[in-house]
Amino acid sequence: MYRDYWYPGMKKDIAEVLAKCQKCQQVKYEHQRPACLLQRMSILEWKWERIAMDFVVGLPKTLGKYDSIWVVVDRLTMLANFIPVIIDYNAQQLAKVYVKEIVRLHGVPLSIISDHGT
């Protein structure tokens, strides 16, 4: 399988081609992380079974003192819920908001994908 996509000296050949391409130089390919093997995503069967979530932070405070938005997206239908939160909420407070706003409407999902750091 790899012989269809890889050959000895391939990295050197690609580097030479990219060195001559101005647009490629702007991307700075040598500073990017090496790509890993892709994993096949499961086929989704029912809405709100598998969700993704992330936070939009750094917003100006509202009258209710909210300064962030918690975005929860259904991966099948791409419908999203936007929940106002405060950046200082701890895990327990976020869990209460989650049950109140998401579980109440859509039930408990099978999986949650989040790239939220600390």
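The values are calculated or read from the model by the stated rules, or taken from the named source; none is laboratory data. Keep in mind the model is a prediction, meaning the values are calculated, not measured. Here Cβ is always computed from backbone atoms with ideal geometry, including for glycine, and neighbour counts include all displayed protein chains.
Observations on the model:
- Taking each residue of the stretch 41-62 that is more than 25 Å from residue 76 (Cα to Cα) and looking for partners that are loosely packed, with under 10 Cβ neighbours inside 10 Å and at pLDDT below 90 with beta-carbon atoms closer than 8 Å, six or more apart or interchain, yields nothing.
- Candidate set: the stretch 104-113, residues that are outside any helix (DSSP H, G or I) and at negative phi; chosen: the one nearest to the chain's Cα centre (by Cα): 113
- Residue-level analysis places residue 71 among those that are within 24 Å of residue 41 (Cα to Cα) and of a type in the set (A, V, I, L, M, F, W, C).
- Consider the stretch 73-90 and keep the residues that are aliphatic (A, V, I, L, M) and modelled with pLDDT of 90 or more. The one that is surrounded by the fewest Cβ atoms within 10 Å (Cβ to Cβ) is 78.
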